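Written below as structure tokens is the structure these notes are about.
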Amino acid sequence: MATTYEIPLTAEPQTFGIVLAGRELRFTLRWHEAEPERAGEPAGAWLLDIADSKGASLVAGVPLVAGRDLLAPYAYLGIGGQLWIYGEDAPDYENLGERIKLLFASEEGDE
């Protein structure tokens, strides 16, 4: 059975090591500032870079978007689970880690 874990975040750019499904990884979250085209649109987006334990880049610039598995396009990496954004609001600079959560769901047998 799959197990879901919350990856603790704070509302600031950050880099940290993490073990997911037995694999050591390094996550970097960075805020990309943007000019909104219309009033009420976000003024930027959170982006995720994933590196291996030695710092070699695996993926870069994955937008933190709710409603889809962020790792699905990178299944070939064999990370062993799904990465989801969960929350009632769209991720913005202030709500990451509070109202917006990053969840990892391990695949069966990877716990």
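Worth pointing out:
- Computed over protein heavy atoms with a 1.4 Å probe, the carbon and sulfur contribution to the accessible area of the stretch 62-111 reaches 49%.
- Taking Lys and Arg as +1 and Asp and Glu as -1, the other residues whose beta-carbon sits under 12 Å from that of Ala75 total -2.
- Amide H contacts under 5 Å for Gly81, placed H, 5+ residues apart: Glu107
- Environment charge at Leu29 (Cβ cut-off 9 Å; Lys +1, Arg +1, Asp -1, Glu -1): -1
- Once the Cβ-Cβ distance of His32 and Thr3 is raised to the sixth power relative to R0 = 30 Å, the FRET efficiency obtained is 0.45.
- Answer label, with Rg/Rh (Cα atoms, Kirkwood Rh) calculated from the coordinates and candidates [x] 1.13; [y] 1.07; [z] 0.97: [z]
- Spin-label model distance (nm) - Asp52 vs Ala105, 7 Å beyond Cα toward Cβ: 2.8
- Distance-filtered residues of the stretch 75-89 - backbone nitrogen under 17 Å, label point 7 angstrom along Val59 Cα→Cβ: 75-86
- Surface exposure of the chain, expressed per residue as accessible area with a 1.4 Å probe, stands at 60 Å².
The values are calculated or read from the model by the stated rules, or taken from the named source; none is laboratory data. None of the values given here were measured: they were computed from a predicted structure. Heads up, the Cβs are rebuilt from the backbone with ideal geometry, glycines too, and the neighbour counts pull from every protein chain shown. Please note that ligands, DNA and RNA were not included when accessible areas were found on the heavy atoms of the full protein model with its side chains. Shrake-Rupley method; radii C 1.70, N 1.55, O 1.52, S 1.80 Å.
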